1. Yes or no: GLN81 open to solvent by 80 Å² or more (accessible area, probe 1.4 Å) and modelled with pLDDT of 90 or more?
2. Kindly provide the set of residues from the stretch 82-105 that are among the charged types (D, E, K, R) and in contact with a helix residue (DSSP H, G or I) (Cβ under 6 Å, 6 or more places away or on another chain), ordered by number.
3. Can you tell me which residue within the stretch 29-60, out of those that are in a helix (DSSP H, G or I) and charged (D, E, K, R), is modelled with the highest pLDDT?
Amino acid sequence: DLPSESTIMQPVQMVEPEESQIQSDQDFNVIDPERQIQEPEFQNDVGLWRHITNAMQEHWCSRDPVECQHFDDDFSASRTQYDDGTARYFTGSMMFRKHVNGEQIKREWLMFSPSSGNVYCFPCVLFGDAHKGNQTQFCDGFSDWKNASQRMQMHENSAMHRARMQAL
């Protein structure tokens, strides 16, 4: 049996709230998702991040850093021309380090920026203290592909990087 038209078409009574019952968005601390999408610091391209705030740190610490890695992207933006005429690029093999036992370990901290063509250290960008001189090449954007293996190894073994990894 189907309900009758009179059952389906019941009028809705609208009740206006009293002014004292209305609360503003500020009362609920509402974050506008549209605003976040448009602000560079809330986009998943680390190369666009400029002003690191506490809200941004909280946002990215609660998410999976893989969102910012772009390891499936085209790395042509990473092209660096050297004085000897050679050009080098970021490659997929740089995403891994080789353990002494031969095991390939993914560098979870490493982020590729499609906009800048550089790579960045996720925790060092988020928790770096630029005003204290505690920045590394991986905070500002690294692109020395000729020396990438050594520099990445030096960075991931540094005390500063390890401390920032702990902060995540």
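1. yes
2. ARG88
3. GLU58
The rows are residues; the columns are (1) part of a strand (DSSP E or B); (2) open to solvent by 20 Å² or more (accessible area, probe 1.4 Å); (3) at pLDDT 95 or above.
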| site | (1), (2), (3) |
| --- | --- |
| GLY85 | no, yes, no |
| ARG97 | yes, yes, no |
| VAL100 | no, yes, no |
| CYS124 | no, no, no |
| ASN134 | no, yes, no |
| PHE138 | no, no, no |
| LYS146 | no, yes, no |
| ARG162 | no, yes, no |
| GLN166 | no, yes, no |
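The values are calculated or read from the model by the stated rules, or taken from the named source; none is laboratory data. Just so it is clear, the model here is predicted, and its values are computed rather than measured. For neighbour counting, all protein chains shown are included, and Cβ atoms are generated from backbone atoms with ideal geometry for every residue, glycine included. SASA here: full protein model, heavy atoms, side chains in, ligands and nucleic acids out. Shrake-Rupley method; radii C 1.70, N 1.55, O 1.52, S 1.80 Å.
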